[in-house]
């Protein structure tokens, strides 16, 4: 069965430090992979997505993610975190066929300390 | 262009009443999802419409919940005989090539 696992419920990093949020998925074929961000009291915004091609994808707000097929992972990274990055981050996996619904992970809440 | 819109933005109702939540997807998007998000929680999948296929209702928590999508566009989520545990933000997303675009949500409060 298809699934998405975000192992970390919450993470705290210092402002200016680097960030890596983990995401592992289970899917029978090449997946479509996504990261969304939800700031407090806000809706979900797409950060980046991977469909095919270069396994390192760049997104908005300075985020990037790397697709590693051998590890079934799609970890999100940012070299230097800003206080405004404090939010909930959701990883999602979708299929390239119309009948497969996109599945979301449980989310990782990021706290940024000064 | 216009994004996904949802109405109302806030709804306060009394326990036992029925409510209808509306979602207007992005034009041309064939897939539409409903989710529920309780305070501080993740996304709880409710229902998924894809084109003319039968909807995937596997996430609906009880038979008090139903949804329809008319003409492949606007969708309505109906909750009958609301309970206090139904209080949450209800999110709609329309999708193109698996990329979901979310609406701002409807905050439902059941007193």
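Taking only segment B:90-111 into account, find how many residues are under 14 Å from the mean Cα position of the chain (by Cα) and surrounded by fewer than 18 Cβ atoms within 10 Å (Cβ to Cβ). Even if it seems obvious, please write down each step before you answer.
The first filter runs over segment B:90-111 and keeps only residues under 14 Å from the mean Cα position of the chain (by Cα), leaving B:90-95, B:100-108.
Okay, now just the ones that are also surrounded by fewer than 18 Cβ atoms within 10 Å (Cβ to Cβ), so B:104, B:107.
Summing the residues that are under 14 Å from the mean Cα position of the chain (by Cα) and surrounded by fewer than 18 Cβ atoms within 10 Å (Cβ to Cβ) in segment B:90-111 gives 2.
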Residue that is modelled with the lowest pLDDT [pool: residues in segment A:17-73 that are surrounded by 13 or more Cβ atoms within 10 Å (Cβ to Cβ), in contact with a helix residue (DSSP H, G or I) (Cβ under 9 Å, 6 or more places away or on another chain) and assigned to a loop (DSSP other than H, G, I, E, B)]: A:30
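Suppose we filter segment B:40-79 for residues that are under 22 Å from residue B:8 (Cα atoms) and either surrounded by 12 or more Cβ atoms within 10 Å (Cβ to Cβ) or within 14 Å of chain A (Cβ to nearest Cβ) (or both); how many remain?
Number satisfying all stated conditions: 26.
Here is a check on your reading of the model: is residue B:30 away from every other protein chain (no Cβ under 14 Å) and either surrounded by 13 or more Cβ atoms within 10 Å (Cβ to Cβ) or farther than 16 Å from residue B:2 by Cα (or both)? If you could, list the steps in order and put the result at the bottom.
On the way: away from every other protein chain (no Cβ under 14 Å): no; either surrounded by 13 or more Cβ atoms within 10 Å (Cβ to Cβ) or farther than 16 Å from residue B:2 by Cα (or both): yes.
Here the answer is no, as residue B:30 does not meet what is asked.
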Scope segment B:100-111; condition under 21 Å from residue B:29 (Cβ atoms) and either away from chain A (no Cβ under 14 Å) or assigned to a strand (DSSP E or B) (or both); matching residues: B:100, B:101, B:102, B:106
Residue within segment B:87-99 that is farther than 11 Å from residue B:34 by Cα, more than 14 Å from chain A (Cβ to nearest Cβ), in contact with a helix residue (DSSP H, G or I) (Cβ under 8 Å, 6 or more places away or on another chain) and part of a loop (DSSP other than H, G, I, E, B) present: no
Selection count where residues are assigned to a strand (DSSP E or B) and touching a helix residue (DSSP H, G or I) at 6+ places or on another chain (Cβ under 8 Å), scope segment A:74-85: 1
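The values are calculated or read from the model by the stated rules, or taken from the named source; none is laboratory data. If you're wondering where the values come from, they're calculated on a predicted model, not measured in any experiment. Note: ideal-geometry Cβ built from the backbone for every residue, glycine included; neighbour counts use all protein chains shown.
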